[in-house]
Amino acid sequence: MPYDLEKERREAIEAGERALSSLRRAKSELNSARGWGIYDILGGGLISSAIKHSKISNASRCIEEAKYDLKKFSTELNDVSGYYGTDFGISDFAMFADFFFDGFIADFYVQSKINRARAQVDEAIFRVEGVLNKLCGM
């Protein structure tokens with residue numbers, strides 16, 4: 001069967017757009033978790049902690065979906081000449097449950113994890129957008 005570069009390029013673009021969509025959902029959830037985390041630090045209490053952790057769980061699911069989508073994107077890119085070995089690694093998002101250890105230090109720790117995850121998602125979005133721009137310009 002002959003190699004169809006245009007077909008492979010379209011498949012890579014579709015996979016990249018799915019990955020971008022997953023990353024943007026993760027970013028939205030992380031932004032919401034960040035807001036609730038700030039409120040929690042300022043004395044929000046148990047309810048704000050519960051909402052924050054719900055947002056963190058949602059973000060974690062989105063990040064897992066994004067990691068799957070990024071792996072698929074990377075596979076599709078391997079089919080397009082010039083994109084071998086592209087790595088979009090996002091480190092695992094670790095959650096420190098401050099429900100039972102709720103306090104100022106624990107809240108700051110969780111907030112730093114949220115901010116770190118946001119930075120990783122932003123970097124992945126930037127990289128995926130860059131590759132998609134190149135693919136669309138082929």
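Can you return the aspartates and glutamates within cross-link range of K52? Criterion is Cα-Cα under 19 Å, with same-chain partners fewer than 8 residues away left out.
Qualifying aspartates and glutamates at Cα under 19 Å: E29, D40, E64, D92, D98, D102, D107.
Looking at this model, which pairs from K27/K134; K71/K113; K27/K72; K113/K134 are more than 26 angstrom apart at the alpha-carbon?
In this structure, K113/K134 lie more than 26 Å apart at Cα.
All of the numbers you see were taken from the coordinates with simple rules; none came from a lab. The shown structure was predicted, so the numbers you read here are calculated from the model rather than taken from an experiment.
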